[in-house]
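The structure under discussion appears below in the form of structure tokens.
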Amino acid sequence: MRVAHTPDADDAFMFYAMLNGKIPLSFEVENIVEDIESLNRKALSGEYEVTALSVHAYAYVADRYRLLSAGASIGNGYGPVVVSRENVSLRNTTVAVPGKLTTANLLLKLAVDTKTVEMRFDRILDAVKKGDVQAGLLIHEAQLSYEEHGLKKVLDLYEWWYSKTKLPLPLGVNAVRRDLSPGLQKEFLRAMKESVRYALEHPEEALNYAERYARGMGRERLKKFVLMYVNDYTLEMPEKVVKAMDLLFEMAERKGIVKKPPMDVLRDVD
């Protein structure tokens, strides 16, 4: 089974046990690592049996994939931010975004009318710093370090979201292809959940593995970042997160961005 995740420490942390023989598996795994927008686009054709996916992208692939109740990345007090070298009006600014299908880009479109240009996520901070773009939408660990590069926060998309909804912010998910047998889908979900549980119960061990994707983060910052996005919500998606995804798509549909998909979440009690 081809299982694709991003080159990010939080993904590596949650997949550590599955990929390193720490939990029993009834299937073989071919591990694939690609940036999130590449995975979003490949999901359009159903390339991988299991894939990390932006919540936004699910709207375009719901006919091919089901969401897994384990493995989600949820913002609870934090999320994507728009930064610039100086205070700017986003209505008159071009913002570098980490991909058309990312949830961060969808949130930006819901929050403000602005021009955007796509750029790989790990190049955005430097592009803003050098003045190649006026502002940038940061995801992953750059959310923690932009001030050290002399940049200012222009818009906090978690704060915007929470002010509207009072709900956690769903950002990323794992999804399984619908054409797999129901039994295999359930087996993968069980393994995903056990892998997340193992990491949360053995954090230092899983962090040692995740350090290969630290991108310059020290150990303490790495741990802080990973545990921001791998937590109880990751172990099992609660109904309020499903409600948040449903509301996100309702807002997007009202604005004419995307049609709301059915919320089909595979749970181990189904």
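Annotations
- Search result, residues across segment 211-237 that are touching an Asp or Glu at 6+ places or on another chain (Cβ under 8 Å) and at pLDDT 95 or above: none
- Verdict on ARG197 being among the charged types (D, E, K, R), in a helix (DSSP H, G or I) and more than 23 Å from TYR146 (Cα to Cα): yes
- Filter result (touching a Ser or Thr at 6+ places or on another chain (Cβ under 6 Å) and assigned to a helix (DSSP H, G or I)) within segment 38-63: LEU39, ASN40, ALA43, VAL55, HIS56
- Matching residues, segment 118-148, being part of a helix (DSSP H, G or I) and either in the same structural domain as SER54 (by TED's automatic domain parsing) or within 15 Å of the chain's Cα centre (by Cα) (or both): PHE121, ASP122, ALA142, GLN143
- Matching strands (runs of 3 or more DSSP E) fully within segment 72-117 where at least 1 residues are farther than 20 Å from LYS130 by Cβ: 73-75
- Some residue of segment 209-218 being free of Cβ contacts under 8 Å to residues at least 60 places away in the same chain and surrounded by 15 or more Cβ atoms within 10 Å (Cβ to Cβ): no
- Of all residues in segment 1-33, those being more than 13 Å from HIS202 (Cα to Cα) and either among the aliphatic types (A, V, I, L, M) or touching a helix residue (DSSP H, G or I) at 6+ places or on another chain (Cβ under 9 Å) (or both) number 22.
Okay, residues lined up against (1) assigned to a helix (DSSP H, G or I); (2) over 17 Å from LEU106 (Cα atoms); (3) outside the structural domain of ALA12 (by TED's automatic domain parsing):
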| position | (1), (2), (3) |
| --- | --- |
| MET192 | yes, yes, no |
| GLU204 | yes, yes, no |
| GLY216 | no, yes, no |
| ALA244 | yes, no, no |
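- Counted residues, segment 85-116 - those being buried (at least 22 other Cβ atoms within 10 Å of the Cβ) and of a type in the set (Ser, Thr, Tyr): 2
- Annotation note: of GLU204, GLU194, GLU118, the sole residue that is without any contact (Cβ under 8 Å) to a residue 12 or more places away in the chain and not basic (Lys, Arg) is GLU204.
- Which numbered condition VAL154 fails, given (1) under 18 Å from the mean Cα position of the chain (by Cα); (2) at pLDDT below 95; (3) buried (at least 20 other Cβ atoms within 10 Å of the Cβ): (1)
- Close contacts from segment 244-259, counting a first residue that is over 15 Å from LEU101 (Cα atoms) and in contact (Cβ under 8 Å) with a residue 12 or more places away in the chain and a second that is among the polar types (S, T, N, Q) and part of a helix (DSSP H, G or I), with Cβ to Cβ under 9 Å and a gap of 6+ residues or different chains, come to ALA244/THR165; LEU247/THR165; MET251/THR165.
The values are calculated or read from the model by the stated rules, or taken from the named source; none is laboratory data. Since the structure is predicted, the reported quantities are computational estimates derived from the model, not experimental observations. Please note: Cβ atoms are built from the backbone with ideal geometry, for glycine as well, and neighbour counts cover all protein chains shown.
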